[in-house]
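Novice: One structure, as structure tokens, below. Some questions next.
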């Protein structure tokens, strides 16, 4: 449905990596940025408030789910399973990060969001302004924030052993971003 890849197998521009935490378990996914906007209704309303013509959102564009909340969470998590990053793909991502001389060459391999179903919180951090601010469009009862979760989150929320960009005790996010 959403999956887009470049000819070399890398992620298409709109495909992004996110972490999803549910029942204290963290998994990594990659898919079109729009799928991670949890409340499409709020997103659509924001367009209308700003004076843009906006067609009515069709929940069928995302598995029949307009708003990802407690009522739709289980179905959403089931439907996104094809976008889960398996161990083989995660190893490929780690190798690409490890070999890269520049953060800019692999920036798309770092996550842009941490979606925590346990705490009902979406934290986002992305390098390019002008993209959809997914942290603004969260369901009622959730909080959203723009924060460098990859560096700032406590171990209890995002443990070091889940940070795939830390390879052999080298934090490649820090290493590569210090080069520019």
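Novice: Could you state the angle between the C-alpha long axis of helix 87-99 and the longest principal axis of the C-alpha atoms of the chain, as a value from 0 to 90 degrees rounded to the nearest 10?
Specialist: Taking the Cα atoms of the chain, the angle to 87-99 is about 60 degrees.
Novice: Quick one: among 149, 114, 47, which has the greatest mean-square fluctuation in a GNM of the chain with alpha-carbon springs under 10 angstrom?
Specialist: Per the Cα network of the chain with a 10 Å cutoff, 47 tops the list.
Novice: Can I ask one more? Which of 14, 32, 154 comes first, and how do the rest follow, when ranked by fewest Cβ neighbours within 10 Å? Provide the component values of the computation, followed by the final result.
Specialist: Values: 14 14, 32 19, 154 7.
Arranged by neighbour count, lowest to highest, 14, 32, 154 become 154, 14, 32.
Novice: Here is a further query. Which angle from 0 to 90°, rounded to the nearest 10, does the C-alpha axis of helix 40-49 make with the longest principal axis of the chain?
Specialist: That works out to roughly 70 degrees.
Novice: Using a Gaussian network model of the chain whose springs link C-alpha atoms within less than 10 Å, name the residue from 96, 113, 124 with the highest mean-square fluctuation.
Specialist: Among 96, 113, 124, the largest mean-square fluctuation in the Gaussian network model of the chain belongs to 96.
Novice: When only C-alpha pairs under 8 Å and at least 6 residues apart count, what is the relative contact order of the chain, in percent? Please report the intermediate quantities before stating the final value.
Specialist: On the way: 229 pairs, mean separation 41.9, N = 180.
Relative CO of the chain lands at 23 percent.
Novice: Take every DSSP beta bridge whose two residues both sit in the chain, then give the antiparallel share in percent to the nearest 5. Before the final figure, lay out each step's value.
Specialist: On the way: 17 of 25 bridges.
Around 70 percent of the beta bridges assigned by DSSP in the chain are antiparallel ones.
Novice: Fewest first, what order do 77, 109 take by the number of other Cβ atoms within 10 Å? Don't skip to the end; give the middle numbers.
Specialist: Numbers: 77 17, 109 20.
Lowest to highest Cβ neighbour count: 77, 109.
Novice: Would you mind ranking 158, 90, 122, 66 by Cβ crowding within 10 Å, fewest neighbours first? Intermediate results must be reported in sequence, preceding the final value.
Specialist: Working: 158 21, 90 14, 122 28, 66 17.
The fewest-first ordering by Cβ neighbours comes to 90, 66, 158, 122.
Novice: How high is the relative contact order of the stretch 46-140? Use alpha-carbon pairs under 8 Å, at least six apart in sequence, and give a whole percent.
Specialist: This gives 15 percent for the stretch 46-140.
Novice: Under the rule of -39500 (n - 2.57) per DSSP H run of 4 or more residues, summed and divided by the residues of the chain, what mean residue ellipticity at 222 nm is obtained, to the nearest 500 deg cm²/dmol? Don't skip to the answer; put the middle values down first.
Specialist: Working: 6 runs with 44 residues, N = 180.
So the calculated ellipticity at 222 nm is -6500 deg cm²/dmol.
Novice: So if I take the centroid of the Cα atoms in the stretch 160-180 and the same for the stretch 86-106, what is the distance between those two points in Å?
Specialist: 11
Novice: OK, next. Of the residues 93, 157, 112, which exhibits the maximal mean-square fluctuation in a Gaussian network model of the chain defined by a 10 Å Cα contact cut-off?
Specialist: In the Gaussian network model the winner is 157.
Novice: Return the label of the correct value of semi-axes √(5λ) of the Cα gyration tensor in Å, as calculated from the structure shown, out of (i) 21, 20, 17; (ii) 33, 20, 12; (iii) 27, 18, 17.
Specialist: Working out semi-axes √(5λ) of the Cα gyration tensor in Å from the coordinates points to (iii).
Quick note: the coordinates plus some simple rules give every number you see, no bench work behind them. Owing to the predicted nature of the structure, the values given are computational and were not obtained by experimental measurement. Cβ sites come from the backbone with ideal geometry, for glycine too, and all protein chains shown count toward neighbours.
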